[in-house]
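Novice: Encoded as structure tokens, here's the structure I'll be asking about.
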Amino acid sequence: QVQLVESGGGAVQTGGSLRLSCVGSGPLYYNMAWFRQAPGKEREGVAVFFRGASVSYADSVKGRFTVSRDTAKNTLYLQMNSLRPEDTGMYYCAADWLGGSWRRVTDWRYWGQGTQVTVSS
């Protein structure tokens, strides 16, 4: 059984910070990612942590977000700084990359329930 549980979301003002966590149970997946879905928009890839600690980010969050992993705790993190209103959305954790572009929903097998991030101006 695979479960991914996100936490750490909340409401902050522009320029604030949040740290999201995704705790996995069951098998350990070395490839994990963060997605977000803004109201009325498609779910989009935000950051990915590949096996070997290689990371990649969407252009919109580069320099502001940092993805990291604590393998021993089977936990993926997303440190979000300098938050903007356009960062608002439901943030989801994904695991088990199926190949292809990591930024597409169909490239991942498992998903968490999401945690809400709201950034006010």
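The values are calculated or read from the model by the stated rules, or taken from the named source; none is laboratory data. As the structure is a computational prediction, the values presented were derived from the model and not from experiment. Cβ: placed from backbone, ideal geometry, glycine included. Neighbour counts: every protein chain shown. Heavy atoms of the whole protein, side chains included, go into the accessibility calculation; ligands, DNA and RNA do not. Shrake-Rupley method; radii C 1.70, N 1.55, O 1.52, S 1.80 Å.
Novice: What FRET efficiency do you get for Asn81 and Leu28 if R0 is 30 Å and r is their Cβ-Cβ distance, rounded to the nearest 0.05? It would help to have the intermediate numbers written out before the result.
Specialist: On the way: r = 28 Å, r/R0 = 0.92.
Efficiency for this residue pair is about 0.60.
Novice: Distance in nm between label sites at Ser17 and Val2, each 7 Å beyond Cα in the beta-carbon direction?
Specialist: Rounded to a tenth, the inter-label distance reads 3.2 nm.
Novice: Roll a 1.4 Å probe over the protein chains and send me the accessible area per residue for the chain in Å².
Specialist: On a per-residue basis, 50 Å².
Novice: Which one of Gly26, Gly100, Gly40 has the biggest mean-square fluctuation once the chain is modelled by GNM with Cα springs under 10 Å?
Specialist: Sorting by GNM fluctuation, first place goes to Gly40.
Novice: With every protein chain kept in the model, how would you rank Arg109, Arg84, Arg64 by accessible area, 1.4 Å probe, largest at the top?
Specialist: So the residues, ranked largest to smallest area, are Arg109, Arg84, Arg64.
Novice: So for the pair Glu44, Asp70, with labels modelled 7 Å out along Cα→Cβ, what separation do we get in nm?
Specialist: Inter-label distance under the simple model: 3.0 nm.
Novice: Right, here's the next one. Can you check what the net charge comes to around Met32, using other residues whose Cβ is under 10 Å from the Cβ of Met32 (Lys, Arg +1; Asp, Glu -1)?
Specialist: +1
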